[in-house]
Amino acid sequence: MTHHHDQEDTRELGRLPRPRNFVRLAAPWLGGATDIGRRHHLNQDALAMWTGATPFPQAVMAISDGVSSAPHSERASLTAVTTVIDQLSSRLGQGQFDHGRLGEIFNQVFETANHAVLADGADGSAVGSCTLVVAVVDAGRVAIANIGDTRAYWLPDSAPALQLSTDDSVAQAQMELGMSRAEAENSIHAHA
């Protein structure tokens, strides 16, 4: 088994700056990237991956985007991805990832990640906020879950990219009710 976290894993959280952009290749068929974007001086994104060695490729990938309006969101995003990777890789490694119970499994894992993020403020410091998207590859299937407006895409070798997840946001709900994308994404609570 290979465990990959972004390079800050071995450092004390929040002490050293993250790279502006980060790319990781966990296997020839699995990779990820974060990008600081154009408006921020600190990369609040976190990326973690795990790959397992079984007859079929197994992997877990988690990406989190820190909410820039909340303090310490870089800590929140790193805590979220490491918690999710630990939880899901353990289930896969023990043969306890049941595709028939995906909703229950993802709810439990996301709740555990939320508690871990909240625990970052146990010392009285402000707690950050983040979005989260997770992909689990197991037995030739991919399961995706997300919270917030971080999206999962499939990037095949010889076809256009395909968006796999839908934003979990007020803007997405407004668009589903008929509001134009431009109006929804510029509304006051668009990314909530």
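The values are calculated or read from the model by the stated rules, or taken from the named source; none is laboratory data. Computed from a prediction, not measured in an experiment: that's the story for all the values here. In this analysis, Cβ positions are derived from the backbone assuming ideal geometry, glycine residues included, and neighbour counts consider all displayed protein chains. Accessible surface is based on the protein model in full, side chains and every heavy atom, while ligands, DNA and RNA are left aside. Shrake-Rupley method; radii C 1.70, N 1.55, O 1.52, S 1.80 Å.
In this view, the solvent-accessible surface of F106, computed with a 1.4 Å probe and all protein chains in place, comes to about 20 Å².
The listed residues H115, H72, H99, once ranked by accessible area (1.4 Å probe) with the largest placed first, stand as H115, H72, H99.
Of the residues L47, L177, the one with the largest accessible area comes first in the ranking L177, L47, computed with a 1.4 Å probe on protein heavy atoms.
Computed FRET efficiency, Cβ-Cβ of R151 and S90, R0 25 Å: what is it to the nearest 0.05?
Numbers: r = 26 Å, r/R0 = 1.03.
Step by step, r from the Cβ atoms, then E = 0.45.
Net charge of the neighbourhood of A116, taken over other residues with C-beta under 13 Å away and scored Lys/Arg +1, Asp/Glu -1, is -2. Note on L177 and Q108: with the Förster distance fixed at 22 Å, the Cβ-Cβ geometry gives a FRET efficiency of about 0.15. Working from label points 7 Å from Cα in the Cα-to-Cβ sense, the W29 to N186 distance is 4.4 nm. Shape verdict for the stretch 55-169, please, from the Cα gyration tensor: rounded (a/c under 1.5), prolate (a/b greater than b/c) or oblate. Judged from the Cα gyration tensor, the stretch 55-169 comes out oblate (a/c at least 1.5, b/c at or above a/b). Here the label points at H99 and A122, each 7 Å from Cα along the C-beta direction, are separated by 3.8 nm in the simple model.
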